[in-house]
Amino acid sequence: MRRLLLLALLAAPLSLLAGPSGWTDPAAGLPALRIWNIPSNDSVYWCVVRDHRGRLYIGADKVHAFDGSEWTTIAVANGYNVRRMAVDDANRVWVGAINEIGYLEEGPDGRPLYVSLTAHLPEGMNLGDVWKVHVQDKHTLFVTKDRLLIWDGERFVIHHLPNDVRLFSFRFRDGVAVSQPGTGMWFWKGSSLKPLDFSGWEKVGIAFAGHLGGDRYIIDPEGQLGVIENGTFTRLPHNAEGALQGAASTAAVSLPDGNICIATFLRGLVIISPEGELLRVVDRLSGLPSLNCVDLYLDSHDNLWVTTTSAVVQLRADNAVTLFRSLNGLASAPVHLMADTAALGPIAFTSEHIAALQPSTDPRTPARFDPVEGLHDFFWDALAIDEHRLLFGGRYFLREWSPTKVEDVVQSPDTFFRLLPYTAGKAIVAEGSAIRLYSIDGRPTALRTLVENLPEQPADLALDASGTLWVTLPRHGILAIELRPEPSGTPSVSELLPSQAFSTASTDPRLFVLDGRAYTYNQQEIHLLRAGNPPSTQPVLPGLGLFTAEREGDSAIWAVSNSPGQKPQLIRLEPAEGGMLEATAMDSSLLHPIGTPRSIVSRPRHHDLWIAGSASVARIDTALLAPAPPPPRPVILGARWRTPAMLRHLPFVGVERLPFNAESHLTFEVRPGTDILDTHTTIETRLAGLETAWTPTNGRRTFTGLHEGDFVFEARALDFRGRPGPVARFPVIIDPPWHRSGWAYTAYVITLALGVWGVIVLRTRRVARLNAQLERLVNARTQELARASAARSAFLATMGHEIRNPLNGVVGLVESLRQTNLDEKARETLERLAACARQLASVVEDVLEFSKLDAGRISVKLQPFHVRDPINAAVDVFRAAAPDASISVEAARPLLAERVIGDPDRIRQILINYLANAIKFAGRGEITVGAKREDGFLTFFVADQGPGIPKEEQQRLFLRFSRGRSAHKNNIPGTGLGLAACKAYADAMGAEVWVESEVNLGATFFLRLPFRRAVGRDAVPTVVAGDIMVGRKA
């Protein structure tokens, strides 16, 4: 398979220059027709429409509907011969048949369902033939032989016209015109019917009418074309060159280009201009299966549908795609190459000859290809020598053609497979396994061999702007040859780039040049070729599946992809930054008749494009070509929910709620959107709420055993590049089983609440009962404790006096004995007795003092005093009582001279307790007692140089009966109540006590209380006992 673009050296003949297009183009071939194969045995196909979702409806004995994947046949009650159909804004398809009228709507399963309206007609009324159906707003008009039936949604309004002659009707202005031969014309709009008259009109029957724009309509009263404009009828002089005389016109539509297509029952289709000039006849010679055309329908995509007695035919309304095959000159063999030449115009290469285009001179016949004299052989390529001569490469020869002679100018044992223009008068020729430079200025001769003995015959050549010649070898890769400007000698040949080095060389790589850059492509991807040693490639556009592309272009080139199972897709490639390519999919409808694409060539000046395929050659009018629309939103027809017990159809009308069933099957039906003919569109779906990835879907998707939850079935269409379009959505809610439903959980909550409330009530009653018992027990225990506390207090008071008096006597006797002369042993015994007496006195004092604290009998006496007084009193007590000379007790200097309000006795007692502990635990060094004023507080402290107190013991020192490890370790006597008493005194005074110490660095005990300065000499002392303050005179 090969393709070629030969740039025309001079302007083409005048008949081929840009100008006419569509139905007026003399270079157009046969209209591209699609004959629809309908699975029925109907004798006549009367009408065709498409609804807003793109479904196709064909009226015959029954209605046949096609949704893009399958046909459905719908019977219309007791009627037959469905003559006319029309689609309203609600997507209902209104049907008129013999003895039957009604409409089609979407059923619960998403399939069309017929609803008959005959029950609303007067009893005994015989409809007969229904020839036309028109819809407007909320009204539908059915036209029978001699009646007009207007349906307003609830009832029929019936108008009887005077004569028993068939009625004709057509769209007119914003309503419908109805004519009856010999009677006149009426205008229908909504529910009204009024007479209509035109000057110059003879009240004959009107077979068709076509809208020409504005208030101009072309009509055919009894085969004589005329125009109705602004209420006046005028006959046209051309009258379609007599093509409509005796043709039995049946229908007409206005084409997008302003021309009119008329269906006839005897001569096929007749295309006329607004002036009535005959433009084209489409008959059996054009491929129409039958001349008996019944109706026409123009859809929203400018597809023209024709119903005949034997088939339904589709073609483009603008005739942008035309074909060349056996009916117009290409009958002998498939075309493998197309080329454009200045001398012959477009030429087609077959296995038997070269054929050139012959434009049409008769509207009744299309353009055709005829063999060129002297070129009856198999040729691989062609090259323009000048404006009159062509060079053709064949097997074993180069043949030169001119209008005056044909001659084989070079003979060779090899095939001249590829001819590539180089510089003026020179060409590069692939000759067998060699590549040679030829002179074509005069008689072609070989100048030098560039490369020879290649491993196989080259498949393609391309020359980029840098002067690099690229050569493809199908099984071995791509060769790069750097051509030096003449006369520099033999060109430089780079090493072969093997096929396994990049995927595009794996199967039949081909070449094209765009914007001076060379590209290679195959059915997987396109690569940019880069010169160098070795040469390299860069992927630029994967996934196009190109079958063929033009050889060279400046701003764009045309290409055709043809993926397996898909119709040919026309693509326009344009250069982008960095050698990348931008691909635009073009409208490729009705390209399927060409078969597998083999070659493509464009003629920009003639706004046409030629594609050779395995079945035919297509000519495309690029002036009428538009980019392919984005993939439309798919249509979700509905769903089916199946369980072992039931089957339920779910139309696509809103959110569906379904009960949970572990054995359920939920099947969604989806198809492409509006264009049922676009086989390049693929569908992907997913069920949001269950999955995130998209899955390719072929019409249906089933989900089994869905759990409860909110789901949305989503569908989207992909174009040939895999780019998605808008998403269609179908929400579904699976309700949970009854034991997991909302009301079940509500019942669970209420039951639980009642249970909790019952438990709470029971426990509350039990707790109340236990509380009452506990309260009685507590009261009894409290009374017992009160009696015990009173007994203890009485006991301690009694014992205090009973013990303290003898103890004071012992201490006094010891002091008296010290004054006597005792020997050393007696004095030692006396000192031991004194120590024991002091210790016992200390314990007794602590116990008595703490008993007061415990009983809450702490009183605070607030009075003026000097800060130094309690400090000096405490120091004096212990200075003389220090056990040895290693310990000294001193007051910190200078002493504060402030006079404040407070309880000096309690302060002195706290300092004495601090000093007693310091002497017992320090064992050495200096003990300092002092006071300082800071931030509105007065702080007393006692600091020693003893072993210190660990951090973990400091928090427990002021608790009752708490003693440190050193006290137990060193057997230091004490009750653990002294510091607890200090804290109790401080709390009573609103003061604070604490300790700061580090191991081996001594300890400092603090007492901090609010600073209150004494004013005047006569202050009134205040006694504070608990929360009661009593004032008295000093």
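Given the options S179, S192, name the one that is outside the structural domain of L291 (by TED's automatic domain parsing) and without any contact (Cβ under 8 Å) to a residue 12 or more places away in the chain.
S192
Is it the case that region 281-292 has a residue that's on the phi > 0 side of the Ramachandran plot and outside any loop (DSSP other than H, G, I, E, B)?
no
For (1) part of a helix (DSSP H, G or I); (2) among the β-branched types (V, I, T); (3) within 30 Å of I636 (Cα to Cα); (4) modelled with pLDDT under 90, each residue gets a yes or a no:
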{"residue": "Y748", "(1), (2), (3), (4)": "yes, no, no, yes"}
{"residue": "V756", "(1), (2), (3), (4)": "yes, yes, no, no"}
{"residue": "R804", "(1), (2), (3), (4)": "yes, no, no, yes"}
{"residue": "G812", "(1), (2), (3), (4)": "yes, no, no, yes"}
{"residue": "N821", "(1), (2), (3), (4)": "no, no, no, yes"}
{"residue": "T829", "(1), (2), (3), (4)": "yes, yes, no, yes"}
{"residue": "A835", "(1), (2), (3), (4)": "yes, no, no, yes"}
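How many residues, within region 19-48, are closer than 14 Å to L304 by Cα and part of a strand (DSSP E or B)?
6
For region 707-737: of the residues being small (G, A, S) and part of a strand (DSSP E or B), which is nearest to S664 (Cα to Cα)?
Among those residues, the one meeting the criterion is G709.
Considering region 336-355 alone, what residues qualify as being within 53 Å of the chain's Cα centre (by Cα) and surrounded by fewer than 18 Cβ atoms within 10 Å (Cβ to Cβ)?
Matches in region 336-355: S351 only.
Among the residues of region 356-379, is any of a type outside the set (S, T, N, Q), within 24 Å of A446 (Cβ to Cβ), assigned to a strand (DSSP E or B) and within 55 Å of the chain's Cα centre (by Cα)?
Yes, because at least one residue in region 356-379 is of a type outside the set (S, T, N, Q), within 24 Å of A446 (Cβ to Cβ), assigned to a strand (DSSP E or B) and within 55 Å of the chain's Cα centre (by Cα).
Which of (1) outside any loop (DSSP other than H, G, I, E, B); (2) surrounded by fewer than 22 Cβ atoms within 10 Å (Cβ to Cβ); (3) not charged (D, E, K, R) is the odd one out, the single condition P274 does not satisfy?
All conditions are met except number (1).
To keep it simple, each residue is scored yes or no on (1) surrounded by fewer than 19 Cβ atoms within 10 Å (Cβ to Cβ); (2) within 24 Å of L104 (Cα to Cα).
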position: D137; (1), (2): yes, yes
position: T140; (1), (2): no, yes
position: V143; (1), (2): no, yes
position: L148; (1), (2): no, yes
position: D152; (1), (2): yes, yes
position: I158; (1), (2): yes, yes
position: H211; (1), (2): yes, no
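One residue is enough: does region 745-758 have a residue meeting the conditions surrounded by 11 or more Cβ atoms within 10 Å (Cβ to Cβ), of a type in the set (S, T, N, Q), outside the structural domain of H665 (by TED's automatic domain parsing) and more than 30 Å from F668 (Cα to Cα)?
Within region 745-758, not a single residue is surrounded by 11 or more Cβ atoms within 10 Å (Cβ to Cβ), of a type in the set (S, T, N, Q), outside the structural domain of H665 (by TED's automatic domain parsing) and more than 30 Å from F668 (Cα to Cα).
Restricting to strands (runs of 3 or more DSSP E) lying wholly in region 538-627: which have 2 or more residues that are surrounded by 24 or more Cβ atoms within 10 Å (Cβ to Cβ)?
Qualifying strands (runs of 3 or more DSSP E): 546-549, 557-561, 569-575, 597-603, 608-613, 617-621.
How do the pairs read when you match residues in region 363-385 that are within 18 Å of R551 (Cβ to Cβ) and without any contact (Cβ under 8 Å) to a residue 60 or more places away in the chain with residues anywhere that are of a type in the set (S, T, N, Q) and surrounded by fewer than 19 Cβ atoms within 10 Å (Cβ to Cβ), using Cβ under 9 Å and keeping only pairs 6 or more apart or on different chains?
Once the first residue is within 18 Å of R551 (Cβ to Cβ) and without any contact (Cβ under 8 Å) to a residue 60 or more places away in the chain and sits in region 363-385, its partners that are of a type in the set (S, T, N, Q) and surrounded by fewer than 19 Cβ atoms within 10 Å (Cβ to Cβ) give I385/S402.
If you go through region 279-293, how many residues are at pLDDT 90 or above and either touching a Pro at 6+ places or on another chain (Cβ under 9 Å) or surrounded by 21 or more Cβ atoms within 10 Å (Cβ to Cβ) (or both)?
Counting residues in region 279-293 that are at pLDDT 90 or above and either touching a Pro at 6+ places or on another chain (Cβ under 9 Å) or surrounded by 21 or more Cβ atoms within 10 Å (Cβ to Cβ) (or both) gives 6.
Among (1) over 22 Å from W610 (Cβ atoms); (2) surrounded by fewer than 22 Cβ atoms within 10 Å (Cβ to Cβ), which single condition is L398 missing?
Result: L398 fails condition (2) only.
Okay, residues lined up against (1) at pLDDT below 90; (2) hydrophobic (A, V, I, L, M, F, W, C); (3) part of a strand (DSSP E or B):
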{"position": "P630", "(1), (2), (3)": "yes, no, no"}
{"position": "I636", "(1), (2), (3)": "yes, yes, yes"}
{"position": "L647", "(1), (2), (3)": "yes, yes, yes"}
{"position": "G654", "(1), (2), (3)": "yes, no, no"}
{"position": "L658", "(1), (2), (3)": "yes, yes, yes"}
{"position": "E669", "(1), (2), (3)": "yes, no, yes"}
{"position": "D675", "(1), (2), (3)": "yes, no, no"}
{"position": "E691", "(1), (2), (3)": "no, no, no"}
{"position": "P696", "(1), (2), (3)": "no, no, yes"}
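Going residue by residue through region 249-262, is there one that turns out to be crowded, with 21+ Cβ neighbours inside 10 Å, of a type in the set (D, E, K, R) and either at pLDDT 90 or above or touching a helix residue (DSSP H, G or I) at 6+ places or on another chain (Cβ under 6 Å) (or both)?
Scanning region 249-262 turns up no residue that is crowded, with 21+ Cβ neighbours inside 10 Å, of a type in the set (D, E, K, R) and either at pLDDT 90 or above or touching a helix residue (DSSP H, G or I) at 6+ places or on another chain (Cβ under 6 Å) (or both).
The values are calculated or read from the model by the stated rules, or taken from the named source; none is laboratory data. Computed from a prediction, not measured in an experiment: that's the story for all the values here. Quick reminder, even Gly has a Cβ in these numbers, built from the backbone with ideal geometry, and neighbours come from all protein chains shown.
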